[in-house]
1. Could you say which residue among 20, 8, 12 is touching a residue at least 12 places away in the same chain (Cβ under 8 Å) and of a type outside the set (Lys, Arg)?
2. Would you pick out the residues in segment 32-77 that are aliphatic (A, V, I, L, M), surrounded by 12 or more Cβ atoms within 10 Å (Cβ to Cβ) and over 21 Å from residue 2 (Cβ atoms)?
3. I want to confirm something. Restricting to segment 1-24 and keeping residues that are hydrophobic (A, V, I, L, M, F, W, C) and surrounded by 16 or more Cβ atoms within 10 Å (Cβ to Cβ), which single residue is modelled with the lowest pLDDT?
4. Any residue that is on the phi < 0 side of the Ramachandran plot, modelled with pLDDT of 75 or more and not in a helix (DSSP H, G or I) - is there at least one of those in segment 57-75?
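The values are calculated or read from the model by the stated rules, or taken from the named source; none is laboratory data. All of these numbers come straight from a predicted model, not from anything done at the bench. With ideal geometry, Cβ positions are generated from the backbone for all residues, glycine too; neighbour counts draw on all protein chains shown.
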Amino acid sequence: MPALIAVPLLVPFLQRLLAPLRTVLAFAPAALTVAAGSFLGGHTVSPAVALMLFVAAVAVAAPAVVETVDTAAPCTWRDGRPLHGCSTSTGAGPGPQPTGALTGIGFGGTCSSSP
């Protein structure tokens, strides 16, 4: 939550950068924090900080991706928000369904932390 509150405060600075550059500069730390978070362990603070930085990076990248799509779209269709909304809903909606369908053949055991 702190990352989602802090990112809008950076908007005046971020708007000075072109959207494709902002996207790259946000996705790079997102990838690095995921990689770092996978190696951190032993204490919950380190992975939590890595997750917070990941959320901040994605919060910076998402509007930049939409702006890039808006810029690249033809003049008759200059709104990337419906495309972004559709892809987000499509990815979030059916995602749990294959997991539930594969639970009967042992996939559920790989998703739980119990032995």
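1. Working: 8 fails: touching a residue at least 12 places away in the same chain (Cβ under 8 Å); 12 fails: touching a residue at least 12 places away in the same chain (Cβ under 8 Å).
Exactly one residue qualifies, and that residue is 20.
2. 65, 66, 69, 73
3. Taking segment 1-24 as the starting set, the residues that turn out to be hydrophobic (A, V, I, L, M, F, W, C) are 1, 3-7, 9-11, 13-14, 17-19, 21, 24.
Then keep just the ones that are surrounded by 16 or more Cβ atoms within 10 Å (Cβ to Cβ); that gives 3, 7, 14, 19.
On the way: 3: 74, 7: 81, 14: 84, 19: 87.
Step by step, filter segment 1-24, then rank; the result is 3.
4. No, segment 57-75 has no match at all.
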